[in-house]
Amino acid sequence: MQHRAGESKETVFSPDLQVKPADARRPSFAPLPIGSEDVRSKIRWIDRWVSEYQWASSRHETQPMSRLQMADRDSSTRGEVSPVMGRLNGKVAVVTGASSGIGEATVRALSGEGAAVVAGARRRERLEKLVEGVTRDGGNAIAVECDVTDEEQAHALVDRAIEEFGRIDVLVNNAGVMLLSKVEKGLSEEWRRMFDVNVLGLLYATDAAIEAMKRQGGGHIVNVSSVAGRKTRPTVGVYSGTKFAVNAVSEALRQEVLEDGIRVTVVEPGAVATELTDHITDEEVRAGLKQRSIEPLQPEDIADAVAYAVGQPQRVSVNEILIRPTQQTN
Ligand code: NDP
């Protein structure tokens, strides 16, 4: 941090995270001059380094520096703070289904809170555009092409977070498809796709993340379910079945991993204005949807809820968030 003429030269001591292999537990302390700039942002800066320091201190001494650590080291060397400061500074998040709708908004929201984000989905171009925007806003994100129905790809997505950023604190299992139709239509390929993406894809990514989170001593898994995970109606049966499964898996998982410091949150949106309904092939259902006249939620409304849940202190486990548009009855 450079002094400008006329600024105070008062200093406080902040941890320098340029962790040296032989001295990882005793970082040196570089002076942080306090000038006449915004004091609150400096306090946040200090908070961030303290939490980073605690984390760095708990790491194995010979581990190579991750991209996140290197970015931090570089910014500390230059004496600059990261332009994005928030509740998730120093955290690393993976978001599936990040190429549109709720996933895309969630990447922006988590990045806006200071997390480094790995954005996964099949449409690479969409992801790259998203990452460009995040980077322009001063955030840190990477795009990873991933089909969550492929177990290896789902594991590779989580592994990529660890390779690039050294850890995974948050997994948002958001990828999903909703192919509504009456059961009697027998659209078995669509039933399979829904269970593959909404349930198995979520399980594959979760499996990969839990292993890493247990090693780290904690983490947070957010599963995007639906109002349809609580109740059902005609044409929604199979989709509902996948979301009931998401809720059941999430609650069991919550109980299984709480001793490991891993929190589990289920988010259950009502109608949100996204591309989700574009993929419905049943004309009858499509026509019915067009008649809906309520004002839907926006993807950002759900992304804010995710950011709220993961931004809580470790003692707080937000288990379930149900969010409907104000005018939605069921
Ligand atoms: P979108 O269609 O906009 O987003 C769905 C995302 O899932 C896309 O990014 C898509 O990316 C991804 N996806 C689909 N298949 C796969 C796959 N095989 N592998 C990886 N990613 C995949 O819809 P929403 O944002 O609305 O949906 C997000 C979640 O919210 C879903 O789980 C949905 O069930 C849930 N939800 C949505 C509601 C709504 O009204 N919109 C209401 C309740 C819940 P790509 O095609 O690039 O792979």
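Below are the figures for this structure:
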| item | result |
| --- | --- |
| Cut-off under 5 Å, modelled amide H: who pairs with ILE323 long-range | GLU268, GLY270 |
| Order of HIS279, HIS220 under a 10 Å beta carbon neighbour criterion, fewest first | HIS279, HIS220 |
| Net charge of neighbours whose Cβ lies under 12 Å from the Cβ of GLU300, counting Lys and Arg as +1 and Asp and Glu as -1 | -2 |
| Anisotropy class of the stretch 219-330 from Cα gyration tensor, a/c 1.5 cut | prolate |
| Per-pair calculated FRET efficiency, R0 = 30 Å: LYS182 and ILE323 via Cβ, rounded to 0.05 | 0.65 |
| Among 266-274, 159-167, 307-315, the order from most to least packed when residues are scored by Cβ within 10 Å on average | 266-274, 159-167, 307-315 |
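Here, each number is a calculation from the coordinates, and none is a lab measurement. Since we're looking at a predicted model, the values are computed, not measured. FYI the Cβ positions are ideal-geometry reconstructions off the backbone, even for glycines, and counts take in every protein chain you see.
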